[in-house]
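Data first, discussion second: the structure below is written as structure tokens.
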Amino acid sequence: QVQIVESGGGLVQPGGSLTLSCQASGSVFSFDTMGWYRQAPGKQREMVAIHTSGERREYADSVKGRFIISRDYAKITVSLQMNSLRPEDTAVYYCRVETRATWISETLINWGQGTQVTVSS
């Protein structure tokens, strides 16, 4: 069983900044790719940024240059620093964590409960 706790959402004015944090825990063999997705009303969930266990970072084109993803392996946390926020960044942001039960197990996808980010004046 994997537990995921997200924090840091809220209301911010356009141009402002927010930092989201996600902490994972559980008795698994490994925590692999960790990242953030978002879902706006009436839209499909989309990838925002991911951080693989091999130190590769990927960003959606819409957030490149504005958002920064970072990871603490010891604390099993992943954070998303969001700068120059725009109204179109408004969405529920979900932490996504890939885990394996053993070194030969298939990868399991675990989701957080989501945290609301609203960008509005």
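In whole percent, and with a 1.4 Å probe on the protein chains, what portion of the accessible area of region 11-121 is carbon and sulfur?
The nonpolar share, carbon plus sulfur, comes to 49 percent.
What nm distance separates the two modelled labels at residue 116 and residue 1, each placed 7 Å from Cα along Cα→Cβ?
2.8
What per residue convex hull volume, in Å³, comes out for the chain when only alpha-carbon positions are used?
98
Using C-alpha positions alone, give me the convex hull volume of region 19-90 per residue in cubic angstrom.
101
When the dipole is taken about the Cα centre of the chain, and only Lys, Arg (+1) and Asp, Glu (-1) are charged at their Cβ, what size is it in debye, to the nearest 20?
Dipole about the Cα centre, nearest 20: 140 debye.
Taking the Cα centre of each part, how many Å lie between region 91-118 and region 1-18?
15
Contour minus end-to-end for residue 29 and residue 56, with contour as 0.36 nm per residue of separation and end-to-end as the Cα-Cα distance?
Result for the pair: 7.7 nm of gain on full extension.
Using a 1.4 Å probe, what is the accessible area per residue for the chain, in Å²?
54
Would you work out which of 42, 99, 14 lies farthest towards the positive end of the dipole of the chain, given +1 charges on the beta-carbon of Lys and Arg and -1 on that of Asp and Glu, about the Cα centre?
Ranked along the dipole, the leading option is 14.
The values are calculated or read from the model by the stated rules, or taken from the named source; none is laboratory data. None of the values given here were measured: they were computed from a predicted structure. Cβ sites come from the backbone with ideal geometry, for glycine too, and all protein chains shown count toward neighbours. Surface accessibility is based on the protein's heavy atoms, side chains included, excluding ligands, DNA and RNA. Shrake-Rupley method; radii C 1.70, N 1.55, O 1.52, S 1.80 Å.
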